[in-house]
Amino acid sequence: LLHLILQQPVLHLKERLRMKDFLKKFELYVGSVFISITTVVVIMNVFTRYFLKFTYFWSEEVAVGCFVWTIFLGTAAAYREKGLIGVEAIIVLLPEKIRNVVEFLTYILLTLLSGLMCVFSFTYVMSSSKITAALELSYGYINFSIVISFALMTLYSIIFTVESFKKAFLSKTN
């Protein structure tokens, strides 16, 4: 009994660490599900078309919808990891103090732009009344991936802005 009581906090810590790891990369996990669905649906449709001589009427819409979600979730994940293309050639030439200030100003601009895009994409999704041809689902379900992507990018931009502010203005080396 004592062994179980002592082990319980360790289990909670492990569960919290697993949950933290999941939340840290959840867009990659969700994107992996969407790309898996896309792959399975496309392979299934190719098989049925060439070997069984029929196709599922809904397969293209499901594959494209899942692929769109994969792209936008992947974009947010790449942004979080700072894996998107940036112009560093000029920035690297600047002295460290100025470079840190430029980085801070850049993240402020990116926060504003991604926030604006989040608002615009939300407005677009809410005003859209188009439906898909085969499944007759609202395109809002597909296009909401844009809102999620820009919302995540805005959140990450805020985090990067705070980090770069600390680096530019609160660091002891400056």
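The values are calculated or read from the model by the stated rules, or taken from the named source; none is laboratory data. Because the structure is a prediction, the values reported are computed rather than measured. In this analysis, Cβ positions are derived from the backbone assuming ideal geometry, glycine residues included, and neighbour counts consider all displayed protein chains. Calculation scope for accessible area: heavy atoms of the full protein, side chains included, ligands and nucleic acids excluded. Shrake-Rupley method; radii C 1.70, N 1.55, O 1.52, S 1.80 Å.
Using the structure shown, select from LYS20/LYS166; LYS20/LYS82; LYS25/LYS97; LYS24/LYS167; LYS24/LYS172 the pairs with a Cα to Cα distance greater than 26 angstrom. Numbers along the way, then the final one.
Details: LYS20/LYS166 24 Å; LYS20/LYS82 20 Å; LYS25/LYS97 32 Å; LYS24/LYS167 22 Å; LYS24/LYS172 29 Å.
Pairs exceeding 26 Å: LYS25/LYS97; LYS24/LYS172.
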Can you compute log10 of I(q)/I(0) for the range 25-174 with the Debye formula, treating each Cα as one identical point scatterer, at q = 0.10, 0.20 Å⁻¹?
-0.50, -1.18
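Report, to the nearest whole %, how much of the accessible area of the chain belongs to carbon and sulfur atoms, 1.4 Å probe, protein only. Mind dumping the intermediate values first?
Details: 8990 of 12320 Å².
Answer for the chain: carbon and sulfur cover 73 percent of the accessible area.
Could you order ILE98, ILE148 by accessible surface area, starting with the largest, using a probe radius of 1.4 Å? Each step should come with its number before you reach the end.
On the way: ILE98 85, ILE148 55 Å².
Sorted descending by solvent-accessible area, the residues read ILE98, ILE148.
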Please work out the Kirkwood hydrodynamic radius for the range 69-138, using every pair of different C-alpha atoms, and report it in angstroms with one decimal place.
15.2 Å
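When ranked by the protection proxy of mean other Cβ atoms within 10 Å per residue, highest first, what sequence do the peptides 152-159, 164-171 form?
Values: 152-159: 19.2, 164-171: 14.6.
Highest to lowest by the protection proxy: 152-159, 164-171.
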For ILE131, what residues show an amide H to amide H distance below 5 Å, using hydrogens built from the backbone and excluding near sequence neighbours?
TYR139
With loop defined by DSSP as not H, G, I, E or B, and exposure as at most 16 other Cβ atoms within 10 Å, which is the longest segment of the chain clear of exposed GluC sites (Glu not before Pro)?
1-80
Using Stokes-Einstein with the Kirkwood hydrodynamic radius over Cα pairs, what translational diffusion coefficient do you get for the range 113-174 at 20 °C and a viscosity of 1.002 mPa s, in µm²/s rounded to a whole number?
157 µm²/s
Keeping all protein chains in position, work out how much accessible area THR55 exposes to a 1.4 Å probe, and write it in Å² to the nearest 10.
70 Å²
Surface per residue (accessible, 1.4 Å probe) for the range 74-134, Å²
70 Å²
As a check on your grasp of the helix formula, calculate [θ] at 222 nm for the chain: sum -39500 (n - 2.57) over DSSP H runs of n ≥ 4, divide by the residue count, round to the nearest 500.
-26500 deg cm²/dmol
